[in-house]
Protein chains: 2
Amino acid sequence: MTCALFGSLGLAGLLAAPAPVPPARGPLEAWVAANQRAVVAELVDLIALPNTASDTENARANATALRARLAKRGLRAELLETDGNPLVYGERLVPGARRTLLFYSHYDGLPVETRAWKQPSPFKAVLRDARLEEGGRELPGFASRASFQPDWRLYGRSAADAKAPIVGLLAALDALEALGRTPTSNLRVILDGEEKSGSPSLVSAIARHRGKLAAEVMLILDGQAHPSGRPTLMFGARGYLLLDVTVYGPKVPLHSGHYGNWAPNPGLRLARLLASMKDAHGEVLVKGFYDGIGPLPPEEQAMLDAVPDDSERLMRMFGFAQPERPGLSLQRALQLPSLNVRGLSSAYAGGEARSIVPDRALASLDVRLVKETPAPAMAEKIRAHVRAQGFHVVESEPDDETRARHPAIAKLVMRGAAEAYRTSPLLPECQAVAQAVASQFGEPPVLLRTSGGTVPIAPLIDALGFPAIALPTVNFDNNQHAENENLRLGHLFTGIQTIASVLVMP
Amino acid sequence: MTCALFGSLGLAGLLAAPAPVPPARGPLEAWVAANQRAVVAELVDLIALPNTASDTENARANATALRARLAKRGLRAELLETDGNPLVYGERLVPGARRTLLFYSHYDGLPVETRAWKQPSPFKAVLRDARLEEGGRELPGFASRASFQPDWRLYGRSAADAKAPIVGLLAALDALEALGRTPTSNLRVILDGEEKSGSPSLVSAIARHRGKLAAEVMLILDGQAHPSGRPTLMFGARGYLLLDVTVYGPKVPLHSGHYGNWAPNPGLRLARLLASMKDAHGEVLVKGFYDGIGPLPPEEQAMLDAVPDDSERLMRMFGFAQPERPGLSLQRALQLPSLNVRGLSSAYAGGEARSIVPDRALASLDVRLVKETPAPAMAEKIRAHVRAQGFHVVESEPDDETRARHPAIAKLVMRGAAEAYRTSPLLPECQAVAQAVASQFGEPPVLLRTSGGTVPIAPLIDALGFPAIALPTVNFDNNQHAENENLRLGHLFTGIQTIASVLVMP
């Protein structure tokens, strides 16, 4: 395989090489510095549009606003209707284009539980002078500020995931326009409105709009930059498999005094089942869980080793003394499928607890998948594991006859899945993008073999058949899947330059 | 020990003897049949007074109403003020009394979650023609009915626990008055307003009101009659120890993709801890959990064997195929301390689940105690067990330094405790009560060595120093610790006769 960027040194060579001489980063950086107010204002305006995917009216308002904002940048923009929320599509053809780039991002965000946020509304952005957890204080009247410190944070739903990257793309186009530079590639943009529910409409849109999705390289504007703060490229993403396991006790909650130690306790049964799935050192015990995952090629091993993770700092920040699998580095852990208990529920716990034997206990699991472990096979392995623990496995509520026949019953419900994808980082397209970013910043970007998190567009990537590279631009500590989601503004400002550099790459 | 009732046959003899000839049950039974409307109306009126203990204003309204209703039956009644809700006290001295009986019950009920109830308000009683779970339909306009089928059910908070027994006592006094019969014992009545929170005010009232609590026998009007439907006496109750165990993950919820399999998962850790506490056959593995529990004396063993439990029917009704400890009968199980997971919570589960590594997982446990396993020692054994599983045990939220030092941290919080009590069923007082009930119904009552559930007045019983016998009168399937609490009316009607028979025992 030709290796345009890394030459005979290969990927490992680039990683080990001294940083290139600081480049002509100047004009782009200067434009961003001079236009912070407009950039931040555009993001605040977009956050103000509530974007839970199930809130279809507001979702459409997001789509309409984004279509207009793309059109303002000279793209021919339209809404592509689907069975769900519309896709926003934009296109800009460039005379003499070297290639066509397809940018993907999404405008929907996770549902919010407003009470859990430390601000009146997740859709009314709040600026703080630092992270909340580090004592960040609100900075009032920020709409009138001309400049913003890079460490300041903008709090709001989708501030990071993924309205900031969309604003990054819009601002990059503004910057090039202002600097009199023309993109070297044709641009296509597709903005998904259902990423948080697995992008169901996107997949069905492939057949209808294949022409609009034709390109040589797909660039995914989603995900979080490496914690080192350096620009980051990512060549894959783990998939996921979501499943709920319900274990049963008596049909109705029973008094724990009158029946405790006689009626089966579903919480303890669930605990035994979950405990059977992972050993004390964090290794998953489900049979075949790691099947097909062999040793990495040396180039990819070198790529993992070159990632400047600072595990000690992360652990201090996150407040734990030891990773789940003590011997495994973060990058190594992300190359493997994971098994995570994302939620537990049985009757009431804490101050609300009642003295009952609950009727059921529920664990919501997510398994992160890698390319070698597709979702259907993984689901079957987990089902087999639950059966091997002595449970009769059902898919709906057990009836009286089932209850009378089976001492232990578990209901398994699959709640969704998305496959992993991985693009080889050794492809010339990947190296061209890496070179462009390296040139802008004067140092090689962090190259991640895979994101731990999911971009649920693996079917799209598979169907389109050209390389997909993610440009994750937002801060890693953004709380994007919880309350108090936030964006570090410095990441937005850098992200604009990252995207712009790719738009004008040779 | 003299055994007035059972003579040379002893307790086992009574249990094995043929049922006595049907007695003069007639007049009491007839009075109840003729006065159902007034009895049910009194219960409905009492249910209408919301009685969550923390709702002190309404609790006092309950107390005031009960004082008036006792006074109406010729008791000198008053409220005894405490640091919490008042105790209702009533006294009626009888010339030539054979003894003094102290009746105990409680007017408070567990908190309600109204949405979970199948009626508009748990405090507006609803009459149904059967159990909800068996398709019971609402019977409208029941206030105007003159008679009620015994299988009909009255739904409402405290319908069973414990407003029905209180109404049973009031009606028993009415019945005796109407039949021209005078109680053979002095009566003292004490109604607790904080039973559901462990009766804290009751204990402190002992010293101040010892004279008012003086008696020869204490009769506890609480708990549920045996499922066979036969009148029931109970000579003890298990205690409880409530504790919450919190196990920690990262300080804030983390994205399960970016950190899953690297950040420790608190749900899995909690599962491992809980699984370590009980084996697959339901035997608790906490060291010393069963210490001090030896084989039973033959009389008490015979008592257990004579209890007409119909385990098969119960299991069918409750919808499980096998008890938690397959070899252990229900009565045997209740003689042992139990370990029950009454609630689990970690982040969100089910439809609300998010793809995060949660920051914590919480299990609320209740341990049912027996006389041999006092609460403080049991708490220490559980603490030692958690430590032995590798957890650093704390009692409040761990700070950063604690988190940095200990890979596994568990917070243990004790939420309350009540000791078990047990009165020897071989005492003459116990046998007099059993004889009175046997005479009324023409068959021996079910004699229970201990209730599985708790009456949190062991300290009162210990301090008073005279025998305590429970007369549990309500149906066992009353949902008293959950939503849709209900009373089978036949149990109320029988309970009136049970209490009346004791009021006039020789």
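If the condition is being on the phi > 0 side of the Ramachandran plot and touching a Pro at 6+ places or on another chain (Cβ under 9 Å), then the range A:409-466 contributes A:Gly416, A:Gly442. Annotation: A:Lys371 fulfils all but one of (1) more than 7 Å from chain B (Cβ to nearest Cβ); (2) under 29 Å from the mean Cα position of the chain (by Cα); (3) not in a loop (DSSP other than H, G, I, E, B); the unmet one is (3). The selection criterion, being touching a residue at least 24 places away in the same chain (Cβ under 8 Å) and more than 13 Å from every other protein chain (Cβ to nearest Cβ), does not hold for B:Leu336.
Matching residues to (1) within 22 Å of the chain's Cα centre (by Cα); (2) crowded, with 20+ Cβ neighbours inside 10 Å; (3) within 22 Å of B:Glu177 (Cβ to Cβ); (4) at pLDDT 95 or above:
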residue	(1), (2), (3), (4)
B:Val39	no, yes, yes, yes
B:Glu57	no, no, no, yes
B:Arg67	no, no, yes, yes
B:Arg73	no, no, yes, yes
B:Arg76	no, no, yes, yes
B:Leu80	no, no, no, yes
B:Asn85	yes, yes, no, yes
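Inside the range A:291-337, residues that are in a helix (DSSP H, G or I), of a type in the set (A, V, I, L, M, F, W, C) and under 20 Å from A:Asp366 (Cβ atoms) make up a count of 4. The residue that is farthest from B:Ile293 (Cα to Cα), counting only those in the range B:366-387 that are out of contact with any Lys or Arg (no Cβ under 7 Å at 6 or more places or on another chain) and open to solvent by less than 40 Å² (accessible area, probe 1.4 Å), is B:Val386. Taking the range B:276-291 as the range and being charged (D, E, K, R) and more than 8 Å from every other protein chain (Cβ to nearest Cβ) as the test, the residues that pass are B:Asp279, B:Glu283, B:Lys287, B:Asp291. Take A:Leu412 and decide whether it is within 12 Å of chain B (Cβ to nearest Cβ) and aliphatic (A, V, I, L, M). The answer is no for A:Leu412.
Say whether the condition of being more than 13 Å from every other protein chain (Cβ to nearest Cβ) and within 30 Å of B:Ala164 (Cβ to Cβ) is met by at least one residue in the range B:235-256. The answer is yes; a qualifying residue exists.
Can you pull out every residue in the range A:249-290 that is of a type outside the set (Gly, Ala, Ser), open to solvent by less than 10 Å² (accessible area, probe 1.4 Å) and assigned to a loop (DSSP other than H, G, I, E, B)? Within the range A:249-290, A:Pro250, A:Asn261, A:Trp262, A:Pro264, A:Asn265, A:Met277, A:Val286, A:Phe289 qualify.
Kindly provide the set of residues from the range A:478-493 that are more than 9 Å from chain B (Cβ to nearest Cβ) and farther than 19 Å from A:Val455 by Cβ, ordered by number. The answer is A:Asn486, A:Arg488, A:Leu489, A:Gly490, A:Leu492, A:Phe493. Under the condition of being touching an Asp or Glu at 6+ places or on another chain (Cβ under 9 Å), part of a loop (DSSP other than H, G, I, E, B), open to solvent by 10 Å² or more (accessible area, probe 1.4 Å) and not hydroxyl-bearing (Ser, Thr, Tyr), the residues counted in the range B:402-454 number 3. The residues of the range B:388-401 that are touching a residue at least 40 places away in the same chain (Cβ under 8 Å) and open to solvent by less than 60 Å² (accessible area, probe 1.4 Å), listed by number, are B:Phe391, B:Pro398. Could you grab the pairs with beta carbons closer than 7 Å, sequence gap of 6+ or different chains, first residue in the range B:372-387 and without any contact (Cβ under 8 Å) to a residue 12 or more places away in the chain, second one of a type outside the set (Ser, Thr, Tyr)? Final answer for the pair search is B:Arg387/B:Val393. Within the range A:455-467, the only residue that satisfies the criterion of being assigned to a helix (DSSP H, G or I) and within 14 Å of chain B (Cβ to nearest Cβ) is A:Ala458.
All told, B:Leu487 falls short of being open to solvent by 10 Å² or more (accessible area, probe 1.4 Å), of a type in the set (A, V, I, L, M, F, W, C) and at pLDDT 90 or above. Test A:Gly319 against the stated conditions and say whether it is facing chain B (nearest Cβ under 9 Å), surrounded by fewer than 24 Cβ atoms within 10 Å (Cβ to Cβ), closer than 30 Å to A:Gly416 by Cβ and free of Cβ contacts under 8 Å to residues at least 24 places away in the same chain. For A:Gly319, the condition - facing chain B (nearest Cβ under 9 Å), surrounded by fewer than 24 Cβ atoms within 10 Å (Cβ to Cβ), closer than 30 Å to A:Gly416 by Cβ and free of Cβ contacts under 8 Å to residues at least 24 places away in the same chain - is met.
So which strands (runs of 3 or more DSSP E) stay within the range A:143-220 end to end and still have 3 or more residues that are open to solvent by less than 10 Å² (accessible area, probe 1.4 Å) and touching a strand residue (DSSP E or B) at 6+ places or on another chain (Cβ under 6 Å)?
A:186-192, A:217-220
The values are calculated or read from the model by the stated rules, or taken from the named source; none is laboratory data. Just so we're clear, the structure is a prediction, and the values are computed from it rather than from any experiment. Cβ: placed from backbone, ideal geometry, glycine included. Neighbour counts: every protein chain shown. Surface accessibility is based on the protein's heavy atoms, side chains included, excluding ligands, DNA and RNA. Shrake-Rupley method; radii C 1.70, N 1.55, O 1.52, S 1.80 Å.
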